[in-house]
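Contents: one structure, followed by commentary.
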Amino acid sequence: MIENIDLSQCPLCSVIPQDRIHDFFSDICLKVNKFSKGDTIARQGDTCKHLYILVKGTVKTEMVTESGGLLTVEVIKAPKPLASAFLFAENNTFPVDVTTTEDSTVLMINRDDVIELFRRDAKFMERYLKYNSNKTQFLSNKLQILTIKTIRGKLAHYLLEQLSLCHSVSPSVNTFVMDKNQTELAKYFGVSRPALARTFSELQQEKIISADRNRVTVLKIQALRNLIL
């Protein structure tokens, strides 16, 4: 079964040479489930008993807000793990609904077998821990955005974060391509797209940024920082 699945680009399994994949998963119970577009893979509150690896397709993760609305937390494209940080938690439940946005395939490995895979290869365990640490940072940033009350503040935080990633490659460049379009960004913030579009226009009118679709140039970094305070 595993021979028909390409895990070479999966953040967890890429450390395992392709010629060792079969031996690495030998005697491990693997389940492969296929889902159609719009299917629910897991619901918020479901017990997480397996490591889920999205090997084909795309899913979105959403959670119910206090007002009863749905907040898009993340859009995940294969090949990526799903909710791996919660597999070994005392309260090992899904914090979000996981829904497919296109036909998708998920590989499932039960928790005891994941522990066995840790024993078989320390690099796999290290990669698992590193991936979950990075995911914790992502969720921390997401939480920080949710605590910012204004759309201007949320957008400023996001743009500064994108600028920081840009500066890690080219410190003198203040132009970057956003990793989300406005529709995706509105869902990420939990706001309406028209409201976000108005905020984008305001920042351009105030000459804090200039934008051409998803390509943004930050003109006044301190002005963006002031919007978060």
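A Cβ-based charge dipole, computed about the Cα centre of the chain with Lys and Arg at +1 and Asp and Glu at -1, lands at about 860 debye. Summing +1 for each Lys or Arg and -1 for each Asp or Glu among the other residues whose beta-carbon sits under 12 angstrom from that of Leu160 gives +2. Counting only Cβ charges, +1 for Lys and Arg and -1 for Asp and Glu, the dipole size of the range 1-81 around its Cα centre is about 200 debye. Derived from the Cα gyration tensor, the three semi-axes of the equivalent ellipsoid of the chain are 37, 20, 16 Å, largest first. Structural descriptor for the chain: relative contact order 20 percent, calculated from alpha carbon pairs under 8 angstrom and at least 6 residues apart.
Result for the chain in a Gaussian network model with C-alpha springs under 10 Å: among Ser192, Ser210, Ser172, the largest mean-square fluctuation is at Ser172. Mean projected area of the convex hull spanned by the Cα atoms of the range 2-125, taken over all viewing directions: 7.6 nm². Enter the angle in degrees (range 0 to 90, nearest 10) between the Cα long axis of helix 122-147 and the first principal axis of the Cα atoms of the chain, meaning the one along which they spread out most. Computed tilt is about 30 degrees. Looking at the P(r) of the range 9-71, how many percent of alpha-carbon pairs lie beyond 17 Å? Value for the range 9-71: 60 percent of Cα pairs lie more than 17 Å apart. Along the chain, the exposed loop sites are GluC sites (Glu not before Pro) outside DSSP states H, G, I, E and B with at most 16 other Cβ atoms within 10 Å, and the longest stretch free of them is 103-205.
Fraction of C-alpha pairs exceeding 18 angstrom in the range 147-228: 35 percent, rounded to a whole number.
Taken together, the values in this text are just the output of simple stated rules run on the coordinates, not laboratory data. This structure is a prediction, so every number in the text was calculated from the model and none was measured. Heads up, the Cβs are rebuilt from the backbone with ideal geometry, glycines too, and the neighbour counts pull from every protein chain shown.
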